[in-house]
Structures are given as structure tokens and as C-alpha cells.
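K.L.:
Structure in C-alpha cells, see below.
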């Protein structure tokens with residue numbers, strides 16, 4: 001479906017269904033924006049975590065058994 005066809009179909013909807021479409025679309029845009037921002041942050045920090053041992057110092061104990069102290 002082309003954009004203009006989609007707009008024509010939305011115009012035919014009732015008001016409550018139009019609001020539903022808008023709400024769903026805004027949530028979809030927000031999820032996509034968040035994913036893009038997270039991907040960007042990962043790419044910016046990736047080299048730091050590969051090079052800087054201070055950022056990965058606890059990685060050496062990842063496979064150790066964990067016992068909760070009570």
C-alpha cells in the first residue's frame with residue numbers, strides 16, 4: 001500500500017480508530033528512535049570496552065559460582 005492510499009484509508013476511520021493509529025505509530029517511532037540511540041551508544045563505547053581493562057575488570061569472575069551472603 002502506498003502512502004497516499006494509507007492516508008486515504010486512515011481518513012475513513014472513526015475518530016477513536018484514528019487516535020489508535022496515531023498512538024501506535026508514535027510508539028513505533030519511539031521504539032525505533034531508542035534502538036538507533038542504543039546502537040549509536042554501543043558503537044561509541046565498543047572500543048573503550050575492548051581496550052580499557054578498568055571497564056572490564058570484573059569480567060574475569062563471570063564464570064565463578066556466586067553465593068549470596070545472608
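Please treat every number below as a calculation from the coordinates, not as lab data. These numbers come from a predicted model, not from an experiment. Note: ideal-geometry Cβ built from the backbone for every residue, glycine included; neighbour counts use all protein chains shown.
K.L.:
Would you mind checking the tilt of helix 15-51 against the longest principal axis of the Cα atoms of the chain, expressed as 0 to 90 degrees and rounded to 10?
P.N.:
In the chain, helix 15-51 runs at an angle near 30 degrees to the longest axis.
K.L.:
Something else now. Distances longer than 17 Å among the Cα atoms of the chain: what percent of all pairs is that? Mind showing how you got there, number by number?
P.N.:
Details: 1685 of 2415 pairs.
It works out to 70 percent of all Cα pairs.
K.L.:
To the nearest 0.05, what FRET efficiency results for residue 12 and residue 33 with a Förster distance of 30 Å applied to their C-beta separation?
P.N.:
Values: r = 29 Å, r/R0 = 0.96.
Computed FRET efficiency for residue 12 and residue 33: 0.55.
K.L.:
Grab the DSSP H runs of the chain that are 4 residues or longer, score each as -39,500 (n - 2.57), total them, divide by all residues and round the 222 nm result to the nearest 500 deg cm²/dmol. If you can, show how the numbers build up before the last one.
P.N.:
Values: 2 runs with 46 residues, N = 70.
Calculated from helices alone, the mean residue ellipticity at 222 nm is -23000 deg cm²/dmol.
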